[in-house]
Amino acid sequence: QVQLVESGGGLVQAGGSLRLSCAASRTIFSFNVMGWYRQAPGKQRELVATIAKGGSTNYADPMKGRFTISRDSAKNTVYLQMNSLKPEDTAVYYCRGTSSLYDYWGQGTQVTVSS
């Protein structure tokens, strides 16, 4: 069974930084796309950033210039570097891995940005 385990969330002041990690239980190249999504209280889950198998990246507009998605294939881990955090970035952040057949999600990690 494939597992995606997020870590790195926490409480940070506005303007601060956090780096989230998503460790996969198998090679990240078995996924066509890996990405980060977030869900704030009372809101729908939304795209944050994705990275394709070939390395191309995609960001939601509010995250462009502040967030960076990257990967370390040796560690089977995808990262999300978040800079210049804002209170509106407060949410549970989820890792997602999409293969040809299935869609996998992690359990999420809470990020809270105080003003």
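The values are calculated or read from the model by the stated rules, or taken from the named source; none is laboratory data. Fair warning: this is a prediction, and the values are worked out from it, not measured in the lab. Methodologically, a virtual Cβ is constructed for each residue, glycine included, from the backbone with ideal geometry; neighbour enumeration extends over all protein chains shown. For accessibility, only protein heavy atoms count, side chains too; no ligands or nucleic acids. Shrake-Rupley method; radii C 1.70, N 1.55, O 1.52, S 1.80 Å.
Tabulated results
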| quantity | calculated |
| --- | --- |
| Which of Ser100, Pro87, Asn76, positive extreme of dipole for region 65-108 (C-beta unit charges) | Asn76 |
| Length added when fully stretched, Ser17-Tyr102, from 0.36 nm per residue minus Cα-Cα | 27.4 nm |
| Solvent-accessible area per residue, Å², over region 28-70 with all protein chains present [probe radius 1.4 Å] | 52 |
| Difference of contour (0.36 nm per residue) and Cα-Cα distance, Ser84 to Glu46 | 11.8 nm |
| Between region 64-84 and region 1-63, the alpha-carbon center distance in angstrom | 8 |
| Dipole magnitude of the chain about its Cα centre (Cβ charges: Lys, Arg +1; Asp, Glu -1), debye to nearest 20 | 140 |
| Spin-label zone in region 1-43 - amide nitrogen under 14 Å from a point set 7 Å from the Cα of Lys53 along the C-beta vector | 27-34 |
| Percent accessible area from carbon and sulfur atoms, the chain, protein chains only, probe 1.4 Å | 47 |
